[in-house]
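**Student:** Okay, handing you the structure first.
The values are calculated or read from the model by the stated rules, or taken from the named source; none is laboratory data. In this text, all values refer to a predicted model and were calculated from it rather than measured experimentally. Positions of Cβ are generated from backbone atoms using ideal geometry, with glycine treated the same way; all protein chains shown enter the neighbour counts.
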Amino acid sequence: HRALWKRGVHHRDVSPSNLMGYRFDGRFMSVLNDFDLSSIIQLMSSLKHDRPRGFERTGTVPFMSLDLLTPEAIAGEVEHVYRHDVESFIWVLTWICLRYEGGNLLRKDRPLDEW
């Protein structure tokens, strides 16, 4: 994620459904997918009109940064910056820790099911 962000690819929708993980040769590998709401800053900066400026609201609400859920952000006055995606990763980790035990999805009475 960091490498892509530094190269101008801003995902802006970190959520459990956009992350995949697997074991390979004894190592845990993870992949961030679903870039349909992302922005490519370098490509967009060459456009003169109607280009995203980082003020558009995208994301899966339960995992979005709290800064992006304020009235100012909803009005388009808060720029989406890297730390907002980092906060989304923290919300995803919290969600996973509450719903899994010993690597297995809890079957009943799972916290956050109403999300």
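**Student:** For the range 72-108, which residues satisfy the criterion of being under 18 Å from the mean Cα position of the chain (by Cα) and basic (Lys, Arg)?
**Tutor:** 83
**Student:** May I pose another question? For residues in the range 68-115 being acidic (Asp, Glu) and modelled with pLDDT of 90 or more, which is surrounded by the most Cβ atoms within 10 Å (Cβ to Cβ)?
**Tutor:** Residue satisfying both the conditions and the ranking: 85.
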